[in-house]
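Working notes for the structure below.
Each value in this text was obtained by applying a stated rule to the coordinates, not by laboratory testing. Quick caveat: nothing in here was measured; it's all calculated off a predicted structure. Every residue, glycine among them, receives a Cβ derived from its backbone with ideal geometry; neighbour counts consider all protein chains shown.
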Amino acid sequence: LFHQVFYGRLPGFGISKKGKEQAAIVGQFLKERSEAELKGPRPMLLVSSPMQRAQETAKIVCEKLGISTKIKTEEGMNEVKSPFQGKSLEYMSGIKWELYDPKNLTAIGAYDEKNYETFEACAERVVKAVVAIARKASSENKDGTPISVVATSHGDCCQALRMWGSGTVPTAAARSKERSYPGYCSITALKIELESGSCLSMHTKDW
């Protein structure tokens, strides 16, 4: 089933050889170009979704950055909870990855919202997590200098953050209208205003 299904939160799915290469590209970029292109210091703290593929990505990025800090697991960065997990990629392509569309949910018998997460709920969760991560990292930084944190996450989480960072309210309807989507190998860099929890600026890069 490797690479043939929408993983969602299913356990036991790591990253492929190509995924490892992509993680190395991101790590090398963060090491060499973060200050110049992302307008921030080189990251010294790693946070990750609990999913195996995200944890493996974080480990490779950590190695490329040359830091030995322990990777912190953050539930708020987890993949969206979806009843479509385990569905074939062919099936997902057939519904154009519209996993929040009521008609698509009804088609697979997903009537109870308690069993899945809306895009709005996913966005609220991940934005809250990112702001909390930024505040915690700042409070723990004793010398008071600016600090950058890397958080490895998933497609819709990153899409929600990009929408939030650009000033677009992250709703399922707005998501469907977006012309671009974060690539498997991509960076979404956000500068957070700690007191208000707002996004001051955003830089993105996709390979």
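Orientation-averaged projection of region 64-161 equals 8.3 nm² [convex hull of Cα atoms, one quarter of hull surface area]. Legend: residue pairs Lys59/Lys81; Lys17/Lys59; Lys31/Lys205; Lys17/Lys64; Lys72/Lys136, Cα-Cα distance threshold 18 Å; pairs beyond threshold, Lys59/Lys81. Taking Lys and Arg as +1 and Asp and Glu as -1, the other residues whose beta-carbon sits under 12 Å from that of Glu63 total +3. What's the angle, to the nearest 10 degrees (0 to 90), between helix 52-65's Cα axis and the longest principal axis of the chain? Around 20 degrees separate the two axes.
Volume per residue of the convex hull around the Cα atoms, evaluated for the chain, comes out as 124 Å³.
If you take the Cα centroid of region 81-109 and the Cα centroid of region 119-136, the two points sit 24 Å apart. Helix 17-37 and the longest principal axis of the C-alpha atoms of the chain enclose an angle of approximately 40°. Centre-to-centre separation between the Cα atoms of region 147-207 and those of region 3-51: 15 Å. Converting phi to 3J(HN,Hα) with the Karplus coefficients 6.51, -1.76 and 1.60 and the offset θ = phi - 60°, region 81-91 yields 7, 9, x, 8, 4, x, 6, 5, 5, 5, 5 Hz in sequence order, with x at every glycine or proline. Just to compare against my own numbers: the Cα pair-distance distribution for region 118-158, 10 Å bins, whole % per bin, please. The distribution over region 118-158 is 26, 45, 23, 6, given as percents.
Where the only charges are on Cβ atoms (+1 Lys, Arg; -1 Asp, Glu), what is the dipole of region 1-158 about its Cα centre, to the nearest 20 debye? The partial results should precede the final answer.
Working: 23 positive and 20 negative charges, 97 e Å.
Charge dipole of region 1-158: 460 debye, to the nearest 20.
Of all beta bridges DSSP finds with both residues in the chain, what is the antiparallel percent, to the nearest 5? If you can, show how the numbers build up before the last one.
Numbers: 9 of 15 bridges.
Around 60 percent antiparallel, to the nearest 5.
Compared with the dominant Cα axis of the chain, that is its longest principal axis, helix 119-140 is turned about 20°.
The peptide list 18-31, 190-203, 155-168, put in order of mean Cβ contacts within 10 Å with the highest first, becomes 155-168, 18-31, 190-203.
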